[in-house]
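Presented below is the structure to which this report refers.
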Amino acid sequence: MRHHSFIDGLASWIAKYVLKNIPQGAATTCYVALHPQVKGVSGEYFVDSNIGKPSSLASDAELAKKLWEFSLSLTVSE
């Protein structure tokens, strides 16, 4: 579909309103890594350079355990 200019143009037009560009996408990571205001802050979830509330899925301990076990199964050589 990438060679259909109408669809590509429409997707690009919509994307510029709902997606972040590269500097916007990197801003929170850079803020948390470099800003003195968050020095020593640990275990928090950040969104748009502010502490945010994680979703219920991100707070699900049982789901986290399943993900950890699955991740181990991908990395452990037998």
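The values are calculated or read from the model by the stated rules, or taken from the named source; none is laboratory data. These numbers were taken from a predicted model, which means no experiment stands behind them. To get the accessible areas, we keep the full protein, side chains included, count just its heavy atoms, and leave off ligands, DNA and RNA. Shrake-Rupley method; radii C 1.70, N 1.55, O 1.52, S 1.80 Å.
Quick notes
- Distant alpha-carbon pairs in the chain (separation over 20 angstrom), percent: 62
- Note on the range 15-78: with neighbouring protein chains present and a 1.4 Å probe, carbon and sulfur make up 60 percent of its accessible heavy-atom surface.
- Secondary-structure-derived ellipticity at 222 nm for the chain, considering helices only, amounts to -17500 deg cm²/dmol, per-run term -39500 (n - 2.57) for DSSP H runs with n ≥ 4.
- Extension gain, Leu34 back to Asp48 (0.36 nm per residue minus Cα-Cα distance, nm): 3.6 nm
- Accessible area per residue (1.4 Å probe, heavy atoms of protein chains only) ranks Tyr45, Tyr17, Tyr31 as Tyr17, Tyr45, Tyr31, with the largest value leading.
- Separation between Cα centres of the range 52-78 and the range 1-40, rounded to whole Å: 26
- Accessible surface, per residue, of the chain when the full set of protein chains is kept, probe 1.4 Å, Å²: 93
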